[in-house]
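Colleague: Mind looking over this structure? Questions follow.
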Amino acid sequence: MLGIFERIWAPAFPTVHPRAHLLLRVRGRRTEIGTHTVQIRFRDPQGAVLAAQDGTVAFGEPPAGVTTLEAGVVLCFDLPLPAPGSYALEIELDSQPAARIPLEAALVPATDPA
């Protein structure tokens, strides 16, 4: 089952969201054949790095006539959430910003006991 979400609800903080998965599709051109670095940083509301993963993605020689290259990246890690607030996953490719994915952490709303 795959899901896309922007908010994590937690009954209390600090907490950890276990086994979060990030799936990326990295695209390039024929001129970008070779190995490229991928950096992922999970940042708290103040910008501090709470979790990080680095890796590489490689584009091989495509068949004749193909000009666009694609590679998949799958990352799995636990997301530490020390407090409610606005977090972000930041992705860099070859040390250049490529994407920023916002994520909101919030307390589960109280229910009316009546």
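The values are calculated or read from the model by the stated rules, or taken from the named source; none is laboratory data. A quick note: this is a predicted structure, and the numbers were derived from the prediction, not measured. Positions of Cβ are backbone-derived with ideal geometry, glycine not excepted, and every protein chain shown enters the neighbour counts.
Colleague: Can you tell me which residues in segment 17-48 are modelled with pLDDT of 95 or more and of a type in the set (A, V, I, L, M)?
Modeller: If the condition is that a residue be modelled with pLDDT of 95 or more and of a type in the set (A, V, I, L, M), then ALA48 is the only one that fits.
Colleague: Shifting gears a bit: Of everything in segment 89-114 that's closer than 20 Å to ALA12 by Cα and either β-branched (Val, Ile, Thr) or modelled with pLDDT of 95 or more (or both), which residue is farthest from the chain's Cα centre (by Cα)?
Modeller: Our first condition is that a residue be closer than 20 Å to ALA12 by Cα; within segment 89-114, this holds for 103-113.
Imposing the further condition that a residue be either β-branched (Val, Ile, Thr) or modelled with pLDDT of 95 or more (or both) reduces the set to 104-108, 111.
On the way: GLU104: 13, ALA105: 15, ALA106: 19, LEU107: 22, VAL108: 23, THR111: 32 Å.
Checking each candidate, the answer is THR111.
Colleague: Can you tell me which of (1) in contact with a Gly (Cβ under 9 Å, 6 or more places away or on another chain); (2) free of Cβ contacts under 8 Å to residues at least 40 places away in the same chain; (3) among the polar types (S, T, N, Q) is the one THR56 doesn't meet?
Modeller: (1)
Colleague: Pairs under 8 Å by beta carbon, first residue in contact (Cβ under 8 Å) with a residue 60 or more places away in the chain and within 27 Å of VAL108 (Cβ to Cβ) in segment 14-28, partner acidic (Asp, Glu) and assigned to a strand (DSSP E or B), six or more apart or different chains?
Modeller: Pairs that qualify, where the first residue is in contact (Cβ under 8 Å) with a residue 60 or more places away in the chain and within 27 Å of VAL108 (Cβ to Cβ) and the partner is acidic (Asp, Glu) and assigned to a strand (DSSP E or B), are VAL16/ASP78; HIS17/ASP78; PRO18/ASP78.
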